[in-house]
Amino acid sequence: MVVIAKIVLTFLAPKGLINALLIKLGILNESVFIMGNGELFWFINTLVGLWKELEWSTIIYLAVLAGINPDLYEAADVGGAGRFQKMWNISIPSLMPTSTILLILSMGNIINVGYESQFLLGNPLNLDYSESWICTL
């Protein structure tokens, strides 16, 4: 989480990639400190959490897809199956056990408070927003 928070803070810095992109697109006239806006804190925190979990799940799903027997796809080609039929009949059923296990494991994280991202993304400018939920525990 420390590495991901540093990447996000670097991208959202006043001279970061996001500000440069928004200025180039004409959405902003000058660079702003996005993490200084407390109202955006929980939105950014949620996106960072989703990104972190998506990254880990993608690695696992790609490993499962790499482990599928290529003979299944060759047999589907011989049978005249298209891309969608191969995906529907080979790839998705192969991913189902793994996705079920990942769902069960993620359900165990519901009780996890996850204060790390709030602590790492927080700063004095958004302190009222970043610590508002922690202080109520």
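Please indicate, with yes or no, whether at least one residue in the stretch 62-75 is under 29 Å from Ile18 (Cα atoms), out of contact with any His (no Cβ under 8 Å at 6 or more places or on another chain) and surrounded by 10 or more Cβ atoms within 10 Å (Cβ to Cβ). So far as the stretch 62-75 goes, yes, one or more of its residues are under 29 Å from Ile18 (Cα atoms), out of contact with any His (no Cβ under 8 Å at 6 or more places or on another chain) and surrounded by 10 or more Cβ atoms within 10 Å (Cβ to Cβ). Of all residues in the stretch 68-122, those satisfying the criterion of being under 17 Å from the mean Cα position of the chain (by Cα) and of a type in the set (A, V, I, L, M) are Leu102, Leu103, Leu105, Met107, Ile110, Leu120, Leu121. Being of a type outside the set (Val, Ile, Thr), outside any loop (DSSP other than H, G, I, E, B) and in contact (Cβ under 8 Å) with a residue 12 or more places away in the chain is true of Leu9. Among the residues of the stretch 64-108, those that are more than 26 Å from Leu50 (Cβ to Cβ) and polar (S, T, N, Q) comprise Asn69, Gln85, Asn89. Of the helices (runs of 4 or more DSSP H) lying entirely inside the stretch 14-97, the ones with 3 or more residues being more than 22 Å from Ile4 (Cβ to Cβ) are found at 41-66, 70-78, 83-86. Glu53 meets each of the listed conditions (1) within 16 Å of the chain's Cα centre (by Cα); (2) at pLDDT 85 or above apart from (2). So for the stretch 109-119 (the condition being assigned to a helix (DSSP H, G or I), out of contact with any Ser or Thr (no Cβ under 7 Å at 6 or more places or on another chain), among the β-branched types (Val, Ile, Thr) and under 30 Å from Met35 (Cα atoms)), does at least one residue qualify? For the stretch 109-119, residues assigned to a helix (DSSP H, G or I), out of contact with any Ser or Thr (no Cβ under 7 Å at 6 or more places or on another chain), among the β-branched types (Val, Ile, Thr) and under 30 Å from Met35 (Cα atoms): present.
Within the stretch 88-113, the residues that satisfy the criterion of being surrounded by 14 or more Cβ atoms within 10 Å (Cβ to Cβ) and under 30 Å from Thr46 (Cβ atoms) are Ser91, Leu95, Thr98, Ser99, Leu102.
The values are calculated or read from the model by the stated rules, or taken from the named source; none is laboratory data. Quick caveat, the model's predicted, so the values are computed rather than measured. Reconstructed Cβ throughout: ideal geometry from the backbone, glycine too, with neighbour counts over all protein chains shown.
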